[in-house]
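What follows is a single structure, written as structure tokens, with notes after it.
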Amino acid sequence: MQRTLIVDLLNAAAPADNVALCGWIRTRRDAKEFSFVELNDGSCRANLQCIVDAGTAAQAGLGEAATGAAVRVRGALVASPGKGQRWEVRATAVEVFGLADPETFPLQKKRHSDEFLRTIAHLRPRTNKYGAAFRIRAEAGYAVHEFFRSRRFAWVHTPVLTGADCEGAGEMFRVTALEPGQTDLQRDFFGRRCNLTVSGQLEAEALAMGLGRVYSFGPTFRAENSNTPRHAAEFWMIEPEMAFADLDDLMDLGEDLTRSVVEHALAHCAEDLALFDSFVDKGLLARLKGLLAAPFARVPYAEAVEILQKSGKDFAYPVAFGTDLQTEHERYLAEEHFGKPVAVYNYPKEIKAFYMRQNDDGRTVAAVDILVPRIGELIGGSQREERLDRLTARIAELGQRPEDYWWYLDLRRFGSVPHAGFGLGFERLLMLLTGISNIRDVIPFPRTPGNLEF
Ligand code: 4AD
Ligand code: MG
């Protein structure tokens, strides 16, 4: 099908006689001798204006094609006398592919609430805002791969179906092939319990022990019943794992990755980011540029607790050494105290997962969370416990059976090395990039408690 994308037409260097563009009508305005059609094809935020003479319009039945209809316009790309646009198309032929009845098509030209648009998630990619959000999502994913590739990390694919509970938090979706009423796990597909992965970390560690530097980037599932603007039941996680690396290397990596994606978005998504800066989060661009301007702060957990205690803030959750930081604490640190992203490290071992490396003080582990303004935790990771005796003891201490981790412990039995890795929630990164404040609006089809439509 002959067609040129609108993004390429808008960037054309010279007029062209014979172009064809396909897209959806955003608006159509009829004057006596001409119809003016604003067409969008999703390749960029901007529409291209097409001018159709009354005869051509009548022949094509353009009169019935209202907002939302799909058409192809052929004609000449010419300099536009109108302001705000460089090019327009003088149509010589129009084909209407699919009409959209103005009585029932929900996306008429007016502002819709985010809540309403979530109920029509199948149509919202046709709006300016969600078109921009999902284009930025695509570019950010590309930037992630580019970042790791340039540093010689191998992209690895960890399993979605797994028998392990990486985080030990028990928030797993169970997968079974048993019929309702059957309960004998032995007769289930795998002959044992199977879950959707909550993290590919354990397998990524095994891969890092052979490939040196790896990262996974894929869907992750959590059955935590938390209805917050920052949690989804299905999200994408980026999990790098580095052999021969410590906590400092990990903090450097997290900071570099975050900046690199922000830099890429500023360079490649300017038009879409401008939409968010104007209509969703005024000051977004300044904040993103600020994030590139200064290094992230780094503070030990114990010191972060003191800062919070001395803040004079009336937090809903009290904070003391040994308590997990809540979003309100994380946001206070990043937004108010440091005014920029901050890496909090060396957490009490009791509130962190079994695999984190125990520090010499006997009470903390070499964990780090990177907290960012408006969101809180963006990254969670650690140096891993590479000492077999310590790791085995910790697993037992937590009431787990070391035999269940036999292959993970093998990594410590054979050629163990200091190593470290983290998980970055891709959607939270997108919230940072766009200023969108609800995770449901950076995922095309979000899965949250009670929501499985589409
Ligand atoms: O801090 P978490 O739970 O860490 C892990 O799973 C480690 N195994 C990662 C590793 O070291 N390889 O999750 C990592 C990140 C969080 O910082 C957050 O950004 C995101 O994943 N995340 C979620 N994002 C959206 N919805 C949820 N329910 C999320 N849970 C975690
Ligand atoms: Mg975490």
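All of the numbers you see were taken from the coordinates with simple rules; none came from a lab. Nothing here was measured: the structure is a model prediction, and the numbers come from that model. With ideal geometry, Cβ positions are generated from the backbone for all residues, glycine too; neighbour counts draw on all protein chains shown.
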Check your understanding: For Ala58 and Ala286, what is the calculated FRET efficiency with R₀ set at 41 Å and r taken between the beta-carbons, to the nearest 0.05?
Key -> 0.25
Exercise for review: Apply the Kirkwood formula to segment 133-175: the hydrodynamic radius equals the inverse of the mean of 1/r over all pairs of different alpha-carbon atoms; give it in Å with one decimal.
Suggested key: 13.3 Å
Exercise for review: Would you kindly calculate the mean projected area, averaged across all directions, of the convex hull enclosing the Cα atoms of segment 361-454, in square nanometres?
Suggested key: 9.4 nm²
Exercise for review: For n ≥ 4 DSSP H runs only, could you compute -39500 (n - 2.57) per run for the chain, divide by its residues and tell me the 222 nm figure to the nearest 500?
Suggested key: -9000 deg cm²/dmol
Revision key, fill the gap. Given a Förster distance of 35 Å, the FRET efficiency implied by the Cβ-Cβ spacing of Phe315 and Asn438, rounded to the nearest 0.05, works out to 0.95
Point to revise | Fully extended contour minus Cα-Cα distance, from Asp324 to Leu398, at 0.36 nm per residue | key: 24.9 nm
Study note, to complete from the structure: Cα convex hull volume per residue for segment 81-156, in Å³, equals 236 Å³
Review point. Can you give the charge dipole size of the chain about its Cα centre, rounded to the nearest 20 debye, using +1 on the beta carbon of Lys and Arg and -1 on the beta carbon of Asp and Glu?
Key: 1080 debye
Revision key, fill the gap. Dimensionless Rg/Rh of the chain, both radii on Cα and Rh by Kirkwood, sits at 1.05
Review point. With no solvent and one point on each alpha carbon, what is the Debye value of log10 I(q)/I(0) for segment 292-395 at q = 0.15, 0.16, 0.20, 0.25 Å⁻¹?
Key: -0.61, -0.68, -0.97, -1.33
Check your understanding: Can you give the convex hull volume per residue for the Cα atoms of segment 120-201, as a whole number of Å³?
Key -> 161 Å³
Point to revise | Potential extension, Phe244-Arg149 segment - 0.36 nm per residue separation minus Cα distance | key: 32.4 nm
Revision key, fill the gap. Between Leu99 and Val78, the two model label points (7 Å from Cα along the beta-carbon direction) sit apart by a distance in nm of 3.0 nm
Exercise for review: Grab the Cα-Cα distance for Asn225 and Glu179, subtract it from 0.36 nm times how many residues apart they are, and report the gain in nm with one decimal.
Suggested key: 14.0 nm
Check your understanding: Which peptide among 191-197, 363-369 comes first, and what is the full order, when sorted by highest mean count of other Cβ atoms within 10 Å?
Key -> 363-369, 191-197
Study note, to complete from the structure: Label model pair Glu171, Asp252: point-to-point distance (7 angstrom along the Cα→beta-carbon line) in nm is 3.2 nm
Study note, to complete from the structure: Once both label points are put 7 Å beyond Cα along the C-beta direction, the Glu306-Ala16 separation in nm becomes 6.4 nm
Review point. Three principal axis extents, largest first, for the C-alpha atoms of segment 6-98, in Å?
Key: 33, 25, 23
